[in-house]
Amino acid sequence: MSLDFFLRPAVASDAAWIAELRAVVMRADLERLQRFDPVRVRERFLNGFQPEHTYIIHTDGVDAGVIAVRPEPDSRWIEHFYVAPTHQGRGLGSAVLGHVMGAAIDERPFRLNVLQGSAARTLYERHGFVLESEDPVDVFMVAPTPDRP
């Protein structure tokens with residue numbers, strides 16, 4: 001797999017595919033936390049899907065993941081960041097996250113939440129995210145906008 005990718009804007013018809021990807025990617029962590037519900041994991045996404053803030057990660061001729069960046073007045077929330085299992089572990093997630101953070105147009109920090117115990121936390125820490133707060137299920141993290149020349 002190459003690290004060449006592009007982000008295409010999501011459209012409403014992407015919703016079912018993203019919901020399924022979410023269920024697959026989050027299943028192990030949700031089961032470990034005793035919170036997996038095969039219907040709810042999909043419905044939570046579908047009920048709040050905002051295609052205007054969502055991008056499909058396309059690489060190697062296929063849609064391989066998704067990332068959303070929701071703007072708020074004081075920050076940008078990275079949400080629904082899922083890479084298909086067949087594309088994990090090869091640097092794609094890191095490349096996408098670096099691209100999104102590097103394309104920041106202002107100084108608002110990035111925020112996200114990750115499930116307790118998720119391996120994704122290591123990825124976020126490598127990109128400058130630090131613990132902001134946590135509860136028994138979620139870890140909330142924040143990262144400043146990367147310095148630009």
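The values are calculated or read from the model by the stated rules, or taken from the named source; none is laboratory data. What you see is a predicted model, and the numbers here were worked out from it, not measured in a lab. Positions of Cβ are backbone-derived with ideal geometry, glycine not excepted, and every protein chain shown enters the neighbour counts. These area figures cover heavy atoms from the full protein model, side chains too; ligands, DNA and RNA do not enter into them. Shrake-Rupley method; radii C 1.70, N 1.55, O 1.52, S 1.80 Å.
For labels at Phe6 and His58 in the simple 7 Å Cα→Cβ model, what's the distance in nm?
0.6
Between rounded, prolate and oblate, where does the range 77-120 land on the alpha carbon gyration tensor, with a ≥ b ≥ c its root eigenvalues, rounded for a/c under 1.5, else prolate if a/b exceeds b/c? Working shown, then result.
Values: a/c = 2.76, a/b = 1.41, b/c = 1.96.
Note, shape of the range 77-120 comes out oblate.
Before I look further, what does the range 16-120 give for accessible area per residue, probe 1.4 Å, in whole square angstrom?
On the way: 5280 Å² over 105 residues.
Spelled out: the 1.4 Å probe surface of the range 16-120, per residue, equals 50 Å².
If I compute Cα extents along the principal axes in Å from the structure I just sent, which labelled value in (i) 48, 40, 26; (ii) 45, 39, 29; (iii) 37, 33, 33 lines up?
Computed from the coordinates, Cα extents along the principal axes in Å corresponds to (ii).
Between Ile105 and Asp135, take the C-beta separation as r, use R0 = 41 Å, and let me know the FRET efficiency to the nearest 0.05. Show your work: numbers first, answer last.
Values: r = 31 Å, r/R0 = 0.77.
Efficiency, rounded to the nearest 0.05: 0.85.
For the range 81-119, list residues with backbone N below 17 Å from a point placed 7 Å from the Cα of Val142 toward its Cβ?
Counting backbone N atoms under 17 Å from the label point, the list is 106-114.
Estimate the FRET efficiency between Asp74 and Arg35 by the formula 1/(1 + (r/R0)^6), using the beta-carbon distance for r and 30 Å for R0, to the nearest 0.05.
Working: r = 29 Å, r/R0 = 0.96.
FRET efficiency, Asp74 to Arg35: 0.55.
Subtract the Cα-Cα distance of Ala95 and Arg44 from 0.36 nm times their separation in residues, and report this length gain in nm to one decimal. Don't skip to the answer; put the middle values down first.
Values: separation 51, 0.36 × 51 = 18.36 nm, distance 2.69 nm.
Extra length available between Ala95 and Arg44 comes to 15.7 nm.
Could you point to the residue in Val11, Phe140, Phe110 farthest towards the positive end of the chain's charge dipole, with +1 and -1 charges on the Cβ of Lys/Arg and Asp/Glu respectively?
After comparing all options, I get Val11.
May I ask you to work out the translational diffusion coefficient for the range 43-120 at 10 °C, viscosity 1.306 mPa s, via Stokes-Einstein with Rh from the Kirkwood sum over Cα pairs, reported in whole µm²/s?
Details: Rh = 13.6 Å.
For the chosen part, D equals 117 µm²/s.
So, with +1 on the Cβ of K and R and -1 on the Cβ of D and E, and no other charges, what is the size of the charge dipole of the range 82-149 about its Cα centre, to the nearest 20 debye?
Value, rounded to 20: 320 debye.
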